[in-house]
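*Asks:* Mind looking over this structure? Questions follow.
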Amino acid sequence: MVKFQTFDTETHPFSPGNKQPPMVCVSTGDGRVLHRRDPECRREVERLYAGAERGEFVLGGLNTAFDLVELCVTWPELLLRTFQLLDVDGRVTCVLVRQKLSDIATGHYIGSRKDGEEGGAALVNGVRFEYRMGDQARRFGCPYPVDKENPWRTRYNELDDVPVALWPEEARQYSSNDGLVTQWMIDYQERATDPRYLVDQWNQMRHAFAFQLIHAWGVRTDRPLVEAYAAQTLARIQRDERMLFECGIVRQNGDGSFSRNMAAIQAYASQVYASRGLKPPMTAGGTKPSKSGKVAPPKIKLDEDACEMLGDELLTVIQGLGSAQAKGGKPAELAEGLYHPIHTRWDTLKASGRSGSSNPAMQNRPTKPGDRECVVPRKGYVFGVNDYGGLELSTLAQSCLWLVGQSRLAQVINADGDAHSMIGCQLLHCTLEEMLKRKKDKTDLAAYNARQAGKIANFGLGGGLGWRVLIKQARVKYDQILDERGAKNLISLWKDTWPEMAKYFAYFENLCAKGSGTFVQFQSGRWRGDLPYTEACNTPFQGLGADCAKSALYSVVRECYIGNSALYGSRVVLFVHDEIVTEHPEEIAHEAVLEQQRIMEGVAKVWVPDVKLVAEPLLCKRWSKLAKPVFQNGRLVPWELTREIAHATPDARGNLGTYDWLGEAVAQSMGYAA
């Protein structure tokens with residue numbers, strides 16, 4: 001059995017702009033509490049590092065990445081040794097990472113699929129357990145108390161100059177118990193967990209450390225754009241409320257605010273469904289009478305999925321009006337970056353293998369111009385952006401090669417073909433050569449829409465989606481409208497274009513023949529259990545893409561902190577599944593972003609050996625989907641969003657003028673507003 005040595009840290013309280021505050025003490029797996037100022041504390045840390053380096057035991061913690069960064073902030077000489085420990089399997093691990101891997105393998109990570117969300121908690125015997133110390137200790141019956149209501153939890157700054165021997169007993173015991181609980185939990189895991197479920201813990205520990213460093217650094221935003229974005233969002237809300245009021249869908253209250261007229265909304269929804277010959281989805285209705293003695297009848301579902309699926313613009317506006325985004329949540333999230341860095345909370349591991357972010361969510365920012373453009377580098381820096389173009393298309397092709405032994409998609413990608421245009425040309429009934437010419441004409445909306453349809457199919461159908469969900473994805477992700485006939489035709493064309501998918505889907509139909517199945521991830525060996533058919537179809541290529549991209553992230557972060565190339569001194573600020581955004585000193589940004597490309601493409605060859613993946617570089621002075629590589633004298637220079645670019649950018653329906661407000665905000669930011 002593997003031997004573990006664990007540790008935990010207590011720190012000053014978190015504060016805005018400081019998510020890696022000064023450390024006060026270290027607690028060990030045997031319950032000792034050692035003050036940072038006590039020389040014995042540094043000697044104990046040295047013993048832990050040296051033992052792990054020699055392979056005498058595995059070093060672990062509850063949230064090990066945070067605690068390792070605390071040690072490196074306190075004693076910077078440990079940074080190189082920390083990366084060297086992480087580089088080797090079997091040296092450092094994390095209780096929460098291990099538990100997530102175990103839960104993913106047994107189908108408990110998402111709890112019940114009825115929850116309708118991926119990740120964040122396990123549902124075991126009807127009890128929901130978050131991935132934090134107290135919940136997990138209770139889940140497994142840890143004998144040591146975990147008192148997260150202890151007032152000393154956020155008061156250790158008061159003891160920064162006080163020897164542990166003089167601490168109040170409550171303060172000492174809280175820290176001691178953290179060390180004892182961590183050691184007990186990791187030992188329990190080792191006894192109770194199938195070791196096959198934990199083979200990916202070393203990769204995920206590396207990823208967690210990289211994410212913690214990104215979290216600690218944070219990212220900034222631009223005041224003129226944030227303020228303009230907030231004003232534009234408020235104006236849209238007011239416009240939508242006025243439109244719905246005129247339609248009788250909302251009522252105006254005495255204070256001037258608006259509230260929804262649910263009877264009118266239900267009547268309108270019923271008319272829309274009837275006009276399309278569709279049966280509306282209904283809620284279950286109430287089970288108990290209200291105070292008036294009435295039981296609530298079933299109602300037409302008007303959640304986001306139902307409204308997006310139907311594609312009625314008025315219903316979509318009605319649904320969106322109550323969302324956090326419509327209420328101005330997105331601009332408000334970015335306003336934090338005006339005063340101090342935004343420190344999004346990274347989740348290293350979701351059930352799919354992907355990462356996540358929250359508070360605020362930076363991985364799923366709106367792609368339409370206006371939101372991402374608020375994010376800017378620090379003074380003297382520019383953003384270097386490298387993304388794996390078509391990552392999950394390449395990993396789908398690689399998965400087909402491994403699973404069924406062939407892939408036409410792989411052949412097209414490796415020949416630098418355009419997989420989206422191959423679908424689009426069939427929709428337009430033209431040759432591929434003609435399609436490739438037409439897509440260069442920015443005024444050819446038919447070609448644009450046909451290629452977008454190809455993109456919708458290529459990035460959506462590998463997961464075994466049906467036509468209904470494809471309609472939703474087309475609208476939500478690409479602002480494209482598909483009807484039932486169009487969606488079914490697109491699915492048929494896609495299957496004909498990539499014949500390997502028939503065998504691919506047959507593999508997972510067999511795997512899930514009894515309702516669900518278990519898949520062991522290519523390369524990383526991560527187990528994922530209790531998979532229904534569509535999740536099983538998604539797992540190979542989605543998980544492989546996540547493993548590849550997160551491994552590239554770790555390699556890039558490592559080079560930024562301890563390397564000897566042009567990347568040294570740069571800092572990664574964002575990771576968006578297939579895209580790494582890094583702040584580079586402007587004078588060496590060209591060399592740095594090319595080094596980042598070299599690292600990412602080298603990592604890709606390890607994880608996806610038979611299908612090409614390119615991490616095209618660009619430099620920019622603000623984060624944007626509009627950004628493109630710009631060269632001067634053979635060198636990359638930063639792309640800049642200008643008033644002219646914003647004014648000339650059409651919306652998804654080809655209309656100009658939608659982003660004029662953005663152009664004026666950019667002009668103000670650049671100092672030449674009229």
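No lab work stands behind these numbers, since they all come straight from the coordinates. Since the model is a prediction, treat every value here as computed from it, not as a measurement. Positions of Cβ are generated from backbone atoms using ideal geometry, with glycine treated the same way; all protein chains shown enter the neighbour counts.
*Asks:* Name the long-range amide H neighbours of VAL250: under 5 Å, sequence gap of 5 or more, or other chain; modelled H, no Pro or chain starts.
*Replies:* Excluding prolines and chain starts, which carry no amide H, the hits are PHE245, ASN261.
*Asks:* Under 14 Å Cα to Cα from LYS440, which aspartates and glutamates show up? Leave out anything in the same chain fewer than 8 places away.
*Replies:* Hits, sequence-local ones excluded: ASP418.
*Asks:* Please list log₁₀ I(q)/I(0) at q = 0.11 Å⁻¹ for the stretch 468-616, using the Debye equation with identical point scatterers on the alpha-carbon positions.
*Replies:* Values returned for q = 0.11 Å⁻¹ are -0.62.
*Asks:* Moving to a separate point now. Taking a 29 Å limit on the Cα-Cα distance, which of the listed pairs LYS100/LYS379; LYS472/LYS621; LYS442/LYS605; LYS330/LYS612; LYS350/LYS455 fall beyond it?
*Replies:* Numbers: LYS100/LYS379 39 Å; LYS472/LYS621 34 Å; LYS442/LYS605 34 Å; LYS330/LYS612 36 Å; LYS350/LYS455 25 Å.
Violating the 29 Å Cα-Cα cut-off are LYS100/LYS379; LYS472/LYS621; LYS442/LYS605; LYS330/LYS612.
*Asks:* Kindly work out what percent of the DSSP beta bridges joining two residues of the chain are antiparallel, to the nearest 5.
*Replies:* Antiparallel bridges: around 85 percent, rounded to the nearest 5.
*Asks:* Give me the dipole magnitude in Debye, nearest 20, for the stretch 185-237 about the Cα centre, with unit charges on the beta carbon: positive for Lys and Arg, negative for Asp and Glu.
*Replies:* I would put it at about 220 debye.
*Asks:* Using a 7 Å offset from the Cα along the Cα-to-Cβ direction at both GLU644 and LYS379, what is the distance between the two label points in nm, to one decimal?
*Replies:* With each label point 7 Å from Cα toward Cβ, the separation is 2.9 nm.
*Asks:* Can I ask one more? Which of the aspartates and glutamates could a cross-linker bridge to LYS148, judged by Cα under 17 Å and excluding same-chain residues fewer than eight apart?
*Replies:* LYS148 reaches ASP8, GLU10, GLU130, ASP135, GLU169, GLU170, ASP178.
*Asks:* What aspartates and glutamates sit close enough to LYS503 to cross-link, taking a C-alpha to C-alpha distance under 20 Å and skipping anything fewer than 8 places away on the same chain?
*Replies:* Of all the aspartates and glutamates, those that pass the test against LYS503 - Cα under 20 Å, at least 8 places apart if same chain - are GLU392, GLU535, ASP610.
*Asks:* Moving on to the next point. Among the trypsin sites (Lys or Arg not before Pro) in the stretch 596-674, which ones are in a DSSP loop with at most 11 other Cβ atoms within 10 Å of the Cβ? Mind listing them?
*Replies:* Counting only loop positions with at most 11 other Cβ atoms within 10 Å, the trypsin sites (Lys or Arg not before Pro) in the stretch 596-674 are ARG653.
*Asks:* Can you pull out the trypsin sites (Lys or Arg not before Pro) in the stretch 246-277 whose DSSP state is coil and whose Cβ has at most 16 other Cβ atoms within 10 Å?
*Replies:* Answer by residue number: ARG276.
*Asks:* Looking at the stretch 337-425, which trypsin sites (Lys or Arg not before Pro) are DSSP coil and have at most 10 other C-beta atoms within 10 Å of their C-beta?
*Replies:* Hits after loop and neighbour filter: LYS379.
*Asks:* Enter the angle in degrees (range 0 to 90, nearest 10) between the Cα long axis of helix 262-275 and the first principal axis of the Cα atoms of the chain, meaning the one along which they spread out most.
*Replies:* Orientation of helix 262-275: about 60 degrees from the principal axis.
*Asks:* Considering Cα pairs under 8 angstrom that are at least six residues apart, work out the relative contact order of the chain and quote it in whole percent. Before the final figure, lay out each step's value.
*Replies:* Working: 1141 pairs, mean separation 95.4, N = 674.
Computed over the chain, the figure is 14 percent.
*Asks:* Mind checking the angle between helix 589-607 and the chain's longest principal axis? C-alpha axes, 0 to 90 degrees, to the nearest 10.
*Replies:* For 589-607 against the chain, the angle is about 90 degrees.
*Asks:* Give me the count of lysine pairs in the stretch 153-312 whose alpha carbons sit under 21 angstrom apart, restricted to pairs 8 or more positions apart or on different chains.
*Replies:* Counting lysine pairs in the stretch 153-312 gives 5.
*Asks:* Mean separation of Cα pairs under 8 Å and 6+ residues apart, divided by the residue count of the stretch 388-486: what relative contact order is that in percent?
*Replies:* 20 percent
*Asks:* Another one. Pick out, from MET422, SER355, TRP527, the residue whose Cα sits farthest towards the positive end of the charge dipole of the chain, with +1 on the Cβ of Lys and Arg and -1 on the Cβ of Asp and Glu.
*Replies:* Farthest towards the positive end: MET422.
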